[in-house]
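Enquirer: Just passing along the structure, written as structure tokens.
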Amino acid sequence: MTTVLDADRAAFFADVAEASAQAIWCAIATQSPSGPRVRMVHPTWEGETLWFATGTSSAKVKHLKQDPRVDVQYQVAPPGFVHLLVRGNAEIVTDGAEKKRVWDVIDYDLGQFWPGGPTDPEYTLVRITPERVEHSKMFGMTDKRVWRPS
């Protein structure tokens with residue numbers, strides 16, 4: 001395992017963003033009162049921040065309000081076979097200006113789900129601030145690089 005140094009941070013997160021775009025979907029684990037819940041989401045990286053949108057009335061929102069800790073896992077299919085793990089804290093974003101700004105950052109058409117646009121009451125924006133990001137190949141067996149905030 002290699003620890004990502006500050007000097008290599010930007011390049012590391014560029015690799016993470018590239019791999020996550022290849023994976024398209026990822027699994028996110030939240031904690032419910034009855035135990036862990038895993039669901040598929042399509043987040044987008046912006047620098048060192050991971051964003052995703054979900055429905056305001058979804059179980060994800062309810063769980064994140066109770067416990068903001070999340071684990072996110074991406075798997076890029078062969079031949080790349082890149083594996084990404086993200087552990088962090090999720091925050092429900094309520095600031096209207098930020099919700100509007102990130103509406104255009106997320107890399108798919110959110111209007112498919114929320115036709116009312118960034119002010120649609122059912123549109124909830126979630127910011128994940130990572131505590132640990134791992135980029136590896138072959139399910140973590142080779143080329144493992146790990147970043148943690150300094």
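Enquirer: Of everything in the range 63-119, what is out of contact with any Phe, Trp or Tyr (no Cβ under 9 Å at 6 or more places or on another chain), surrounded by fewer than 16 Cβ atoms within 10 Å (Cβ to Cβ) and among the aliphatic types (A, V, I, L, M)? Give them in sequence order.
Expert: Ala77, Ile92, Ala97
Enquirer: Between residues in the range 76-96 that are aromatic (Phe, Trp, Tyr) and residues that are exposed (fewer than 13 other Cβ atoms within 10 Å of the Cβ), which pairs lie under 7 Å by C-beta distance while being six or more apart or on different chains?
Expert: Phe81/Met138
Enquirer: Continuing with this model, one more query. Scanning the range 42-58 for residues that are of a type outside the set (Phe, Trp, Tyr) and in a strand (DSSP E or B), which turns out surrounded by the fewest Cβ atoms within 10 Å (Cβ to Cβ)?
Expert: Gly55
Enquirer: Name the residues in the range 1-32 that are of a type in the set (Gly, Ala, Ser) and either closer than 17 Å to Thr129 by Cβ or free of Cβ contacts under 8 Å to residues at least 60 places away in the same chain (or both), would you?
Expert: Passing the criteria: Ala7, Ala10, Ala11, Ala14, Ala17, Ser20, Ala27, Ala29, Ser32.
Enquirer: Of the numbered conditions (1) at pLDDT below 95; (2) in a strand (DSSP E or B), Glu18 fails exactly one; give the number of that condition.
Expert: So the condition that Glu18 fails would be (2).
Enquirer: If I go through the range 121-148 residue by residue, how many of them are surrounded by 12 or more Cβ atoms within 10 Å (Cβ to Cβ) and either at pLDDT below 95 or touching a Ser or Thr at 6+ places or on another chain (Cβ under 9 Å) (or both)?
Expert: The qualifying residues number 19.
Enquirer: Just to be sure before I move on: is Val61 at pLDDT 95 or above, touching a Gly at 6+ places or on another chain (Cβ under 8 Å) and assigned to a helix (DSSP H, G or I) in the structure I sent?
Expert: So Val61 fits the description; yes.
Enquirer: Provide a single number: the residues in the range 111-150 that are part of a strand (DSSP E or B) and not basic (Lys, Arg).
Expert: 16
Enquirer: Quick one: which of Val105, Val93 is farther than 19 Å from Leu64 by Cβ, β-branched (Val, Ile, Thr) and under 17 Å from the mean Cα position of the chain (by Cα)?
Expert: Of the residues listed, the single one that is farther than 19 Å from Leu64 by Cβ, β-branched (Val, Ile, Thr) and under 17 Å from the mean Cα position of the chain (by Cα) is Val105.
The values are calculated or read from the model by the stated rules, or taken from the named source; none is laboratory data. Predicted model only: the values in this text are computed from it and were never measured. When we count neighbours, we look across all protein chains shown, and the Cβ atoms used for this are built from the backbone with ideal geometry, even at glycine.
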